[in-house]
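Visitor: One structure coming up, written as structure tokens, with questions to follow.
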Amino acid sequence: MNAINQQAFAPASSTAATATSATTATTGQPTPAIELRNVTCRFITADGRATVALRDFSMSVARGEFVAVVGPTGCGKSTTLSLITGLLKPTMGEVRVMGQPVNGIDPRIGFVFQNDAVFPWRSVRENVAAGPMFRGKPKAQAHELADEWIRRVGLDKFGDHYPHQLSGGMRKRVALAQTFINSPEILLMDEPFSALDMQTRTLMQDELLQLWSAHSGSVVFVTHDLEEAIALADKVYVLTARPATLKSVYPIDLPRPRVMEEVRYEQRFIDISRKIWSDLREEVHIA
């Protein structure tokens with residue numbers, strides 16, 4: 001398969017750049033791309049009971065940083081993504097994106113879901129072009145841009161195919177093209193490769209790293225797979241059992257660039273994996 005072309009994240013807008021410069025000048029530190037400050041998120045169930053998904057949770061993601069979030073099943077990992085996108089509001093605490101409080105959907109954010117977010121009645125080209133058209137691009141320009149992204153993800157011979165005619169890995173390539181065609185500055189990924197077989201998953205992980213490393217946008221990657229988290233990320237956040245709060249943060253000091261099928265066998269990778277698993281295992285047993 002063709003590797004994804006190494007061009008994806010667009011530079012921040014001039015407004016964002018100005019805001020960043022001002023903040024840096026004032027505080028001496030660059031503004032994080034994402035901040036969750038002491039966030040609690042509570043839901044009311046159908047029977048009227050309150051359920052706490054996140055409790056006093058804090059996370060900071062620097063610009064250009066790749067962060068993975070792991071924790072027991074059902075602990076609230078995906079809730080963090082919904083808060084960042086503005087799909088959920090915190091009950092307490094604050095969520096900021098590029099230094100500003102989250103207030104609705106931010107067009108600078110791209111989201112790759114666990115399940116395929118494609119229109120089954122539309123071709124690959126029409127699916128990839130949907131985002132730019134929704135943002136006001138004329139159909140001809142959107143289709144031209146879609147064809148370029150379809151080529152970049154190695155599907156240039158499949159633009160007229162429909163989702164049911166594609167393999168699982170090919171549909172994930174469509175999902176990446178759908179996301180990156182909109183030039184996101186922040187990419188949120190909710191277990192995007194969990195349904196793929198091991199070989200295809202490894203290929204997709206490698207291509208994601210190529211894509212991210214080209215322009216180093218910020219990524220928050222939720223996964224149940226600890227090895228995947230370590231191999232991809234600069235930093236791994238470990239959440240407790242529900243109601244989730246932050247248990248530990250582990251910087252991943254493995255050198256880049258990383259090759260997925262090789263990095264897992266390095267002694268440093270094995271040492272990090274054992275250390276994080278000993279921490280995570282306690283929460284899995286509790287859950």
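Visitor: In this structure, is S194 surrounded by fewer than 19 Cβ atoms within 10 Å (Cβ to Cβ), over 25 Å from P32 (Cβ atoms) and at pLDDT 90 or above?
Guide: On the way: surrounded by fewer than 19 Cβ atoms within 10 Å (Cβ to Cβ): yes; over 25 Å from P32 (Cβ atoms): yes; at pLDDT 90 or above: no.
Answer is no for this residue.
Visitor: Consider S278 against the criteria (1) buried (at least 19 other Cβ atoms within 10 Å of the Cβ); (2) outside any loop (DSSP other than H, G, I, E, B); (3) at pLDDT 90 or above; (4) of a type outside the set (K, R): it satisfies all of them except one. Which criterion is unmet?
Guide: Going through (1) buried (at least 19 other Cβ atoms within 10 Å of the Cβ); (2) outside any loop (DSSP other than H, G, I, E, B); (3) at pLDDT 90 or above; (4) of a type outside the set (K, R) one by one, S278 breaks only (1).
Visitor: For residues that are in contact (Cβ under 8 Å) with a residue 40 or more places away in the chain and more than 23 Å from S213 (Cα to Cα), tally how many sit in the stretch 255-272.
Guide: 0
Visitor: Considering only the stretch 232-254, how many residues are basic (K, R) and either surrounded by fewer than 14 Cβ atoms within 10 Å (Cβ to Cβ) or more than 23 Å from W212 (Cβ to Cβ) (or both)? Spell out the reasoning first.
Guide: Kept after step one, since they are basic (K, R), are these residues of the stretch 232-254: 235, 242, 247.
Within this subset, residues satisfying the condition of being either surrounded by fewer than 14 Cβ atoms within 10 Å (Cβ to Cβ) or more than 23 Å from W212 (Cβ to Cβ) (or both) are 242, 247.
Count: 2.
Visitor: Kindly indicate which of L232, L209, L166 is in contact with a Pro (Cβ under 8 Å, 6 or more places away or on another chain), modelled with pLDDT of 90 or more, at negative phi and of a type outside the set (S, T, N, Q). Give the steps one after another, and end with the answer.
Guide: Working: L232 fails: in contact with a Pro (Cβ under 8 Å, 6 or more places away or on another chain); L166 fails: in contact with a Pro (Cβ under 8 Å, 6 or more places away or on another chain).
Just a single option satisfies the conditions, and that option is L209.
Visitor: Condition test on G110, is it at positive phi, in contact with a Leu (Cβ under 9 Å, 6 or more places away or on another chain) and either open to solvent by less than 30 Å² (accessible area, probe 1.4 Å) or at pLDDT 95 or above (or both)? Even if it seems obvious, please write down each step before you answer.
Guide: Numbers: at positive phi: no; in contact with a Leu (Cβ under 9 Å, 6 or more places away or on another chain): yes; either open to solvent by less than 30 Å² (accessible area, probe 1.4 Å) or at pLDDT 95 or above (or both): yes.
No; evaluated as a whole, the condition is false for this residue.
Visitor: How do the pairs read when you match residues in the stretch 128-140 that are closer than 11 Å to A177 by Cβ and open to solvent by less than 80 Å² (accessible area, probe 1.4 Å) with residues anywhere that are in a helix (DSSP H, G or I) and of a type in the set (D, E, K, R), using Cβ under 8 Å and keeping only pairs 6 or more apart or on different chains?
Guide: A129/K139
Visitor: Suppose the filter is open to solvent by less than 50 Å² (accessible area, probe 1.4 Å), modelled with pLDDT under 80 and in a helix (DSSP H, G or I); does A17 pass it? Before you say what the answer is, go through the steps one by one.
Guide: Numbers: open to solvent by less than 50 Å² (accessible area, probe 1.4 Å): yes; modelled with pLDDT under 80: yes; in a helix (DSSP H, G or I): yes.
Yes: the conditions hold for A17.
Visitor: From the residues in the stretch 200-230 that are touching a residue at least 40 places away in the same chain (Cβ under 8 Å) and β-branched (V, I, T), which one is surrounded by the fewest Cβ atoms within 10 Å (Cβ to Cβ)?
Guide: T202
Visitor: Only residues that are open to solvent by 50 Å² or more (accessible area, probe 1.4 Å) and under 22 Å from P192 (Cβ atoms): list them for the stretch 33-71, please.
Guide: Matches in the stretch 33-71: R63 only.
Visitor: Name the single residue, out of those in the stretch 184-222 being touching a strand residue (DSSP E or B) at 6+ places or on another chain (Cβ under 6 Å) and β-branched (V, I, T), that is farthest from R274 (Cα to Cα).
Guide: I186
Visitor: Continuing with the same structure: Looking only at the stretch 255-275, filter to residues that are surrounded by 15 or more Cβ atoms within 10 Å (Cβ to Cβ) and not in a helix (DSSP H, G or I); which one of those is farthest from the chain's Cα centre (by Cα)? Reasoning before the result, please.
Guide: Here is the first cut: in the stretch 255-275, the residues surrounded by 15 or more Cβ atoms within 10 Å (Cβ to Cβ) are 258, 260, 263-264, 269, 272-273.
Still in the list and also not in a helix (DSSP H, G or I): 258, 264.
Values: R258: 18, R264: 21 Å.
Among those residues, the one meeting the criterion is R264.
Visitor: Sticking with this one: If I go through the stretch 163-173 residue by residue, how many of them are open to solvent by 50 Å² or more (accessible area, probe 1.4 Å) and under 18 Å from E148 (Cα atoms)? Give the derivation first.
Guide: Taking the stretch 163-173 as the starting set, the residues that turn out to be open to solvent by 50 Å² or more (accessible area, probe 1.4 Å) are 164-165, 167, 171.
From what's left, under 18 Å from E148 (Cα atoms): 171.
Residues meeting the conditions: 1.
The values are calculated or read from the model by the stated rules, or taken from the named source; none is laboratory data. Owing to the predicted nature of the structure, the values given are computational and were not obtained by experimental measurement. All Cβ positions, even for glycine, are placed from backbone atoms using ideal geometry, and neighbour counts span all protein chains on display. Keep in mind that these areas ignore ligands, DNA and RNA; they rest on the heavy atoms of the full protein, side chains included. Shrake-Rupley method; radii C 1.70, N 1.55, O 1.52, S 1.80 Å.
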